[in-house]
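Comments concern the structure below.
A short reminder: the numbers here are calculations on the coordinates, not readings from a lab. What you see is a predicted model, and the numbers here were worked out from it, not measured in a lab. Cβ coordinates were reconstructed from backbone atoms using ideal geometry, including for glycine residues, and neighbour counts include every protein chain displayed.
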């Protein structure tokens, strides 16, 4: 059975979590949601406080449940064949995108991500 | 440049490096890991995308069994412990190439962990001698094998492809690649240098290809490597700080990146700066790493078990209770696996130990020709042919295709069957060894590997010429075109033949076998040009190999006695013969007398220590030479107006002279130098029979003006005389001519001529050695009587024999003229 490392905070009804600017930046980065103003931050803090009640439950002797069907084992797709019926056509893939470019989906330029060799567009070819 | 610096840092002993790898391997399956679209590369943009790949709502992952099996093969090959229950997780981060916002991986619960991988250390051949630290072969049949621990192997999938368009400030996304199966292999930091790193990765690559885990295209496309490099001072514990280097695309990049990092970190440590934990990227063009991101900026991935995928169960033969149908049995997979590259190499060494050594294998590994080698070996049955094939691979093929890419192309173009065919043809001498290289180049250029060998040979006409007539014609033509070589042959036959050989090869594109060329030319020369001596030179080139240069001759002659002429003696004529009893002494005495009759001053020296005949011939028996001149030289005895000297005049009794070689030499020297010969026009030296000490010392001590060979016409005598002639040629004494003795007999009663000792013996000898017959002397009874009694024949002026000797003397004078200062 696998073991979890669960970091627990000590339960306290009275302590309120304060979101400092570093934490705010981190949350924004992780969730892609920006906090517009003080009011939003306060709301978030309140939400955190009210959901902190979950710590009241004593779950030391329990394993966390992460699937509803516990006895199920990972099913295996037995045949390693390409299914053309299940594959979408290109136009279907691009259907919901607001901007596309020559069958490519378009996103705003973000920058390099880790463990990926990033290709630069050769503008002489375009 | 960085390589040398890094090696210096490590070998200085003050620092040690710890290097670990995170290797992403693209699995060779048809469909993706969690969806049934194609995993093939280079498909039209966004044409292999399923709803799951686009993270459309309602889509679920369905795990591909083939990916699991590939992963297990990798785990077995890397000797990992396989965890029978493992979990998939979500690794959350936002990026356009990951529509779901997370990647499915096995970060904390991988299916395999705690492995160990052995790999051979590969060093370039020229570096073996210089770097004693990296000796690659312990014994002729082993490599240095290092090991690296594997931390874990986890299953995960790849993301889409993003192309950054800076001008338009946008990123273009292609989702074809999203979802293709990967395994990530994470090693412990057991690698100590860039060399170890490269060797490890190459061996790993071999294993992955052999076990059919990834496609065979090398590090560039199927495998991505990130290296974690940290340098520490010796005797300090690693403090957990490490630098991650990304974007390493090839084996060369691996070495350069690691070397650069080691050098960079050494600089920091030496100047007492701490090493920051950071992520850097490798710039292929500048061969250096560039800062990308600090460790503190690391992203929080919020790992969580993937709720759409239940735990992954694996089984082996020990499991009794199996709850899954169509489960994956680890032991079944183990059975289907081929042997590891390590074991395969060991097998080769054992199987082909007649000619294969670890060094050969090492070269093959370095050149990436192991598989080709294996296939070619399977095509040939004979170990002898296999040995030839190995040599050809390591020499000719290596020079045709000297890097990994070229080798692969070669292996495709020249299939193992074709190669084996070529080897067989060379072995059967249908194709010559020269044309082998050209043939291989031709086959390599031509991309159609199914073309049979015969068509190549026909097209370019590469069959060896074996027809003898044609060969003769070719040789004659070449000799015609190169007359200089014929001249050259006279002085240096070996070089001449070599020259002709190379001309022939060039002209006929190597279609004639090595040995046939040489033989044909040799035969030609023997037929048309031969003196026996040159024939001798051909057969035994050792004895007459190359002519020494004058300097060499001087050096070689240093130990030899110098030839100094005898004072006051103008010409020294030696009368010799290979055989005894042909009449040397008689001829020499009578020649001397004839010469003196022509008013020359003549002396005669009896050089036959063991059988002096001069005293008998000149009626000087029992006489001794006792008087000394003022200069302490012995006075020679004078009779018939000749100055005579013999050993018999110096020894006490008439008994045998039982002396060893050294004494004989000294005696000869004495007879030459310590006798008051001067002034003389001609000194005739009567040599003993054979080709021994005395002849040699004579030739070496004084410069001989000429040698007279005496022979009888019979073959038995000719055989020995030939040897004597060659000996004199060897010591560079000029031969004046041949005197044929006992040539004929005239019956006293009836006058009938009978050639008792054969006919034309002397003539044939003369023709062979290009020598002149100076005289032919018949058997004469009166001559014999006179010799025995010590009355020289020339007393009776009117005999034929006397006129013959006179003629002989005249010939000699013509050949060796003197400048006369006094006339008697």
Which residues among region B:46-87 fall inside the zone where the amide N is under 19 Å from a point 7 Å beyond the Cα of residue B:308, along Cα→Cβ?
B:47-68, B:87
What does the extension gain come out to for residue B:168 and residue B:715, with contour length at 0.36 nm per residue minus their alpha carbon separation?
186.2 nm
For region B:710-824, just say rounded, prolate or oblate: build the C-alpha gyration tensor, square-root its eigenvalues into a ≥ b ≥ c, call rounded for a/c under 1.5, and beyond that prolate if a/b exceeds b/c, oblate if not.
oblate
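Counting other C-beta atoms within 10 Å, which of B:659, B:677, B:802 has the fewest, and how do the rest follow?
Numbers: B:659 15, B:677 23, B:802 20.
Result, fewest neighbours first: B:659, B:802, B:677.
Given R₀ = 41 Å, what would the calculated FRET efficiency be for residue A:55 paired with residue A:108, taking r from the Cβ atoms and rounding to 0.05?
Values: r = 39 Å, r/R0 = 0.95.
About 0.60, to the nearest 0.05.
Contour minus end-to-end for residue B:301 and residue B:669, with contour as 0.36 nm per residue of separation and end-to-end as the Cα-Cα distance?
On the way: separation 368, 0.36 × 368 = 132.48 nm, distance 10.77 nm.
Additional length available on full extension: 121.7 nm.
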Any idea what angle helix B:251-270 forms with the longest principal axis of chain B, computed on alpha-carbon atoms, 0 to 90 degrees, nearest 10?
80 degrees
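Give the average over all directions of the projected area of the C-alpha convex hull of chain B, one decimal, in nm². Spell out each step's value before the answer.
On the way: hull surface 240.8 nm².
Over every viewing direction, the Cα hull of chain B projects on average to 60.2 nm².
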What is the list of residues in region B:602-628 whose amide nitrogen lies under 17 Å from a point 7 angstrom out from the Cα of residue B:784, following Cα to Cβ?
B:617
Nearest 5 is fine: what % of DSSP beta bridges in region B:571-777 come out antiparallel, could you say?
20 percent
Restricting to Cα pairs below 8 Å that are 6+ residues apart, what does the relative contact order work out to for chain B? Please round to a whole percent.
9 percent
In deg cm²/dmol, rounded to 500, what helix-only [θ] at 222 nm does chain B give when every DSSP H run of at least 4 residues adds -39500 (n - 2.57) and the total is split over its residues?
-12000 deg cm²/dmol
Please compute the volume of the convex hull spanned by the alpha-carbon atoms of the protein assembly as shown and report it per residue in Å³.
319 Å³
Two decimals is fine: what is log10 I(q)/I(0) at q = 0.07, 0.14 Å⁻¹ for region B:5-294, from a Debye sum with one equal scatterer on every Cα and no solvent?
-0.29, -1.10
According to the square roots a ≥ b ≥ c of the eigenvalues of the Cα gyration tensor, what is the shape class of region B:347-460, taking rounded for a/c under 1.5, prolate for a/b larger than b/c otherwise, and oblate for the remainder?
oblate
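Could you tell me what percent of the DSSP beta bridges with both partners in chain B are antiparallel, to the nearest 5? Numbers along the way, then the final one.
Numbers: 64 of 99 bridges.
Counting DSSP beta bridges with both partners in chain B, the antiparallel share is about 65 percent.
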Measuring from centroid to centroid over Cα atoms, what is the spacing of region B:652-681 and region A:53-75 in Å?
124 Å
Full extension from residue B:406 to residue B:767: what is 0.36 nm times the residue separation minus their Cα-Cα distance, to one decimal in nm?
123.5 nm
Pair residue A:17, residue B:619: separation of 7 Å Cα→Cβ label points (nm)
15.0 nm
Given the convex hull over the Cα atoms of region B:155-311, what projected area results after averaging over all orientations, in nm²?
12.9 nm²
If I model a spin label as a point 7 Å beyond the Cα along the Cα-Cβ vector, how far apart are those points for residue B:429 and residue B:317 in nm?
5.6 nm
Take the Cα gyration tensor of region B:571-777, multiply each eigenvalue by 5, square-root it, and list the three semi-axes largest first, rounded to whole angstrom.
29, 19, 16
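Among B:263, B:527, what is the fewest-to-most ranking by other Cβ atoms within 10 Å? Present the calculation step by step, with values, prior to reporting the outcome.
On the way: B:263 19, B:527 8.
If I rank by nearby Cβ atoms, fewest first, I get B:527, B:263.
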Antiparallel as a % of all DSSP beta bridges within the protein assembly as shown, to the nearest 5?
65 percent
Compute the helix-to-body angle for B:800-815: its Cα long axis versus the longest principal axis of chain B, expressed 0 to 90° and rounded to tens.
50 degrees
On C-alpha positions alone, give me the angle between the axis of helix B:383-392 and the longest principal axis of chain B, in degrees, nearest 10.
80 degrees
